[in-house]
1. In debye, nearest 20: dipole of segment 38-89 around its Cα centre with unit charges on the Cβ of K, R (+) and D, E (-)?
2. At 15 Å minimum axial length over the Cα atoms and a Kyte-Doolittle cut of -0.5, report the qualifying DSSP H helices in the chain, or say none.
3. Fewest first, what order do SER98, SER165 take by the number of other Cβ atoms within 10 Å?
4. Please work out which option in (1) 18.7, 62; (2) 17.8, 69; (3) 15.6, 47 gives Rg and Dmax of the Cα atoms in Å calculated from these coordinates, and answer with its label.
5. Give the residue list of GluC sites (Glu not before Pro) in segment 82-168 that are DSSP loop and have at most 16 other beta-carbon atoms within 10 angstrom.
6. Helix-derived [θ] at 222 nm for the chain: sum -39500 (n - 2.57) over DSSP H runs of at least 4, divide by residue count, nearest 500?
7. For segment 82-160, which trypsin sites (Lys or Arg not before Pro) are both in a DSSP coil and crowded by at most 14 other Cβ atoms within 10 Å?
8. Quick one: Cα centre-to-centre distance for segment 69-101 and segment 15-56, in angstrom?
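FYI, it's all coordinate maths here, none of it is from the lab. Because the structure is predicted, anything quoted here is derived from the model rather than measured. Note: ideal-geometry Cβ built from the backbone for every residue, glycine included; neighbour counts use all protein chains shown.
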Amino acid sequence: MKLLPILAAATTAIASPSFADDTAQINTAITSIAAGADRHDWDRVRGAFADEVTLDYSSLWGGEPATLAADDVIAQWSGFLPGFEVTHHMVTNETIVSIEGDMATAQADFTATHRIGQDFWVLGGQYDYTLIRDTVGWKVSGLTMTALWETGSRDLVTLAAQRASGGN
């Protein structure tokens, strides 16, 4: 049986302390982006990103993926997220897809709730992450959001940006 050595090698890799540490660091990076954004803890969010990040929200907004300096991502997000009264980005079912050297990919499901007054915009879908390992640990270098469903009004994003800039 040639399958037995392959399964034994895979089981050994998954059970190794190195794999467990990598998995914990990757999950921490993923969680830090969502929880940090909800808490407006921009240092936490920035610490989870590589210096350059490719974001792809084309499934929701159209357009093309954009590669930005992480500081520019933080500037964008901090320019509208505080305009919501509450946000809650619940990221679940994190799955490490691959770890090859200093590169990794992961997936997670999400539900993102945004509220202003009695109005809500709730979005659900999947995140696909690419990560790199630096001297500190694993950092997200790419994030693709695939929107699968939504309810409420996307117009709340524009209102939140106006509120965050002092326009309302």
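1. Numbers: 3 positive and 10 negative charges, 30 e Å.
Dipole about the Cα centre, nearest 20: 140 debye.
2. On the way: long enough: 3-15 (18 Å, 2.03); 17-39 (31 Å, -0.03).
Helix filter hits for the chain: 3-15, 17-39.
3. On the way: SER98 9, SER165 12.
Ranking SER98, SER165 by Cβ neighbours within 10 Å, fewest first, gives SER98, SER165.
4. Comparing each candidate, only (2) matches the computed number.
5. Numbers: sites: GLU85, GLU94, GLU100, GLU150; in loops: GLU85.
Filter output for segment 82-168: GLU85.
6. On the way: 6 runs with 66 residues, N = 168.
Dividing the helical sum by the residues of the chain leaves -12000 deg cm²/dmol.
7. Numbers: sites: ARG115, ARG133, LYS139, ARG154; in loops: ARG154.
Counting only loop positions with at most 14 other Cβ atoms within 10 Å, the trypsin sites (Lys or Arg not before Pro) in segment 82-160 are ARG154.
8. Result: 9 Å between the Cα centres.
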